[in-house]
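For reference, the structure is listed below as structure tokens.
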Amino acid sequence: MDEHVESLVRDVADQVIRRHAVYGALGGLLPLPTFDVAVIIGVQIKMVADLCEVYGQSFSKQVVKAYIVALIGGGLPVSSVSVAIGSALKFIPGIGSLVGILVVPGVAAASTWAVGKVFAWHFEQGGTLQTFDVDAARPRFQREFAKARERAQPAAGAATA
């Protein structure tokens, strides 16, 4: 593939990742505990399906779901705990719902972004779903998640100022 085509593919992949990160954040706003987590994972699965299409890869929902759960759960336990606690807090009327709605969307957007970046990078390196290695991908996931959270914090500060 020539450089121009690679650049166009990367741009389309970045658009897919950005769009789904927003969808992930919106899923985190759902007031229904545990349903929000299912929606966020569904958004991430759909994003990887779209990335598979962009990169000309075959897709398997069951395989991708297992990769995503393992990547997020094992790669960033604090993230998983934050989403689980934030989602569970939504069971508490009033303040619990508010705290849950403040925590879950940011973590959902950052984890969705990181999942997308990891799969896009893997596909750009010539990888396939069959060659994806969750353990090898975790450090990249952690870096991408941290970058996404850092970018979001100045934006959140500006929004509250």
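The values are calculated or read from the model by the stated rules, or taken from the named source; none is laboratory data. Just so it is clear, the structure is predicted and the values come from calculations on it, not from any experiment. Methodologically, a virtual Cβ is constructed for each residue, glycine included, from the backbone with ideal geometry; neighbour enumeration extends over all protein chains shown.
A quick yes/no check of all residues on (1) more than 30 Å from GLU6 (Cα to Cα); (2) modelled with pLDDT under 95:
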{"residue": "CYS52", "(1), (2)": "no, no"}
{"residue": "ILE72", "(1), (2)": "no, yes"}
{"residue": "GLY75", "(1), (2)": "no, yes"}
{"residue": "VAL83", "(1), (2)": "yes, yes"}
{"residue": "PHE132", "(1), (2)": "no, no"}
{"residue": "THR160", "(1), (2)": "yes, yes"}
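Tally the residues that are part of a loop (DSSP other than H, G, I, E, B) and either within 13 Å of the chain's Cα centre (by Cα) or among the β-branched types (Val, Ile, Thr) (or both), restricting the search to the stretch 1-39. So that I can check it myself, show each step before the final result.
Filtering the stretch 1-39 down to residues part of a loop (DSSP other than H, G, I, E, B) leaves 1-2, 29-34.
Then keep just the ones that are either within 13 Å of the chain's Cα centre (by Cα) or among the β-branched types (Val, Ile, Thr) (or both); that gives 34.
Final tally of qualifying residues: 1.
For the stretch 87-130, enumerate the residues that are at pLDDT 95 or above, surrounded by fewer than 18 Cβ atoms within 10 Å (Cβ to Cβ) and part of a helix (DSSP H, G or I).
TRP121, GLU124
Yes/no matrix, rows are residues, columns are (1) closer than 20 Å to ARG10 by Cα; (2) in contact with a helix residue (DSSP H, G or I) (Cβ under 7 Å, 6 or more places away or on another chain); (3) in contact (Cβ under 8 Å) with a residue 60 or more places away in the chain:
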{"residue": "MET47", "(1), (2), (3)": "yes, yes, yes"}
{"residue": "ASP50", "(1), (2), (3)": "yes, yes, no"}
{"residue": "GLY56", "(1), (2), (3)": "yes, no, no"}
{"residue": "PHE59", "(1), (2), (3)": "yes, yes, yes"}
{"residue": "GLN62", "(1), (2), (3)": "no, no, no"}
{"residue": "ALA66", "(1), (2), (3)": "no, no, no"}
{"residue": "LEU71", "(1), (2), (3)": "no, yes, yes"}
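Kindly list the number of the only condition in (1) over 15 Å from GLY116 (Cβ atoms); (2) among the aliphatic types (A, V, I, L, M); (3) touching a Gly at 6+ places or on another chain (Cβ under 7 Å) that fails for ALA38.
Among (1) over 15 Å from GLY116 (Cβ atoms); (2) among the aliphatic types (A, V, I, L, M); (3) touching a Gly at 6+ places or on another chain (Cβ under 7 Å), ALA38 violates only (3).
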